[in-house]
Amino acid sequence: VTEEEARALIAMGEGQTIEFKETTATLRKGIKTLAAFGSRDEGGHLFIGVTDAGGIVPFQRARNAEEKWANEIKGNVLSMTTGEPLLPQINSFGNPGFSVISVDGGTDTGPYIAYGRRFERVGKSTHEVQMDYRQLARAFNQHIYDADAAEPLAYRFCERCGNPKLKRSSALDPDHDRMYHFIECSECGWSEWTE
Ligand SMILES: [Zn+2]
């Protein structure tokens, strides 16, 4: 976001997609909120250097501060469905100044977990929610197998160990005029076949 956009967001105040932090002292809490933002369609923005009331209190950033924040986020916030880390965009304005960490939302990639737990944004607060294992299992099944693919056995990764390197082969049985398709995991030996 640009500085103008950032200031317009601050003017809207804290809410469903906006959170203010005065300093990075509570960055861990902020990261839980980013996980909650990432789990929604709209995504959201975490500001640092802004009071709860929306006043900018310029703070001095350490060298490589943005890189450290990005690594803390990427290392601790993961998609429950894809296992990929949450990728933040970080913009800072002035030093001393203020920063905004933005994440895209998306129901394809979320929900995200932070530090192994799941969080939800309700108004201007972030709550921990119980892991919904049924939802997780459904998401896992939708992700593991590409139902839209034309090829047979359209697994994206091994059902047992998650390895994405799968060996595929086919064999024709001329006696019965049938084509068999096989898929096998190179890591754990899991296999599946179909006609
Ligand atoms: Zn495997």
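Just so it is clear, none of the values below were taken in a lab; they were calculated from the coordinates. Bear in mind the structure is a predicted one, so any value in this text is a computation, not a measurement.
Out of residues 5 or more away from ARG156 or on other chains, whose amide H comes under 5 Å of its own, with H placed 1.01 Å from N in the peptide plane?
Close amide H contacts, sequence-distant or interchain: TYR145, ASP146.
Got a sec to turn the phi values of the range 6-19 into Karplus ³J(HN,Hα) couplings, 6.51 cos²θ - 1.76 cosθ + 1.60 with θ = phi - 60°, whole Hz, x for Gly and Pro?
4, 5, 5, 5, 4, 4, 6, x, 5, x, 4, 10, 9, 9
Roughly what % of Cα-Cα distances in the chain sit above 29 Å, to the whole percent? Before the final figure, lay out each step's value.
On the way: 7372 of 18915 pairs.
More than 29 Å apart: 39 percent of the Cα pairs in the chain.
Could you derive backbone 3J(HN,Hα) for the range 121-134 from the dihedral phi with the Karplus parameters 6.51, -1.76 and 1.60 (θ = phi - 60°), listing whole Hz in sequence and x where the residue is Gly or Pro?
So the Karplus estimates, Gly and Pro as x, are 9, 10, x, 9, 10, 10, 10, 7, 10, 4, 5, 9, 5, 5 Hz.
In the structure displayed, which of LYS21/LYS74; LYS74/LYS167; LYS68/LYS124 lie more than 24 Å apart, Cα to Cα? The partial results should precede the final answer.
Details: LYS21/LYS74 19 Å; LYS74/LYS167 31 Å; LYS68/LYS124 26 Å.
Those over the limit are LYS74/LYS167; LYS68/LYS124.
Counting only helical runs of four or more DSSP H residues, what would the 222 nm mean residue ellipticity of the chain come to if each run contributes -39,500 (n - 2.57) and the total is spread over all its residues?
-7000 deg cm²/dmol
Mind listing the phi-derived Karplus ³J(HN,Hα) values for the range 23-38, rounded to whole Hz, using 6.51, -1.76 and 1.60 with θ = phi - 60°, and x for any glycine or proline?
After applying 6.51 cos²θ - 1.76 cosθ + 1.60, I find 9, 8, 4, 10, 4, 4, 5, x, 5, 5, 5, 4, 4, 5, 4, x Hz.
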